[in-house]
Amino acid sequence: MAKLGFVVSEFNRDITYQMELLGREHAQFLGADVAAVVYVPGVFDMPIAVKKMLCREDIDAVVTIGCVIQGETAHDEVVVNHAARKLMDLSLECNKPVTLGITGPKMSRADAQKRVDYSKRAVEAAVKLLQRLGGD
């Protein structure tokens, strides 16, 4: 059974809460176990939590769950671009899958609500990667 860690952003929690619930349900549907959950203030804060989780023996892959809504500046683009890059680097460094269940940038609150099921895609990607890479 695949043992997943979730790193969930508290920013826009009304949306990430729904994403987390859908991700948990989908993990159960796929026969995976959500072995640990860490909540971080925002998407930008995820890499350190992901790294700590990747070092755990009881975690096979990490699923990130977050929502970055567009504001009046390009801040949303900076946050998502840098977080995504660092998360990919950590996956390669630690040789474990890290999947991107982060919606945004350039997204309105209404768009974010429509995309809450993207967390299911991130869970599915983690499980498939583990199966295909021989980790499960």
Roughly how many whole Å is it from the C-alpha centroid of segment 68-136 to that of segment 14-52?
-> 11
Projected onto the charge dipole of segment 3-132 (unit charges on the beta-carbon of Lys, Arg, Asp and Glu, signs +1, +1, -1, -1), the Cα from T73, V34, V127 with the largest positive-side position is that of V127
Would you calculate a helix-derived [θ] at 222 nm for the chain, using -39,500 (n - 2.57) for each DSSP H run of n ≥ 4 and dividing by the full residue count, to the nearest 500?
-> -16000 deg cm²/dmol
Residue range of the chain that is longest and free of GluC sites (Glu not before Pro) which are both DSSP loop and sparsely packed (at most 12 other C-beta within 10 Å) | 73-136
For segment 1-118, what class follows from the C-alpha gyration tensor (a ≥ b ≥ c being the square roots of its eigenvalues): rounded when a/c is under 1.5, otherwise prolate if a/b is larger than b/c, else oblate?
-> oblate
Rounded, prolate or oblate: which fits segment 63-104, taking a ≥ b ≥ c as square roots of the Cα gyration tensor eigenvalues, rounded meaning a/c under 1.5, else prolate when a/b beats b/c?
-> oblate
If the limit is 26 Å between Cα atoms, which of K51/K128; K86/K106; K3/K51; K3/K114; K3/K106 go over it?
-> K3/K114; K3/K106
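No value in this document is a laboratory result; all are computed from the given coordinates. Small disclaimer: the values here were computed from a predicted structure and weren't measured. As a convention, Cβ positions derive from the backbone with ideal geometry for all residues, glycine included, and neighbour counts pool all protein chains shown.
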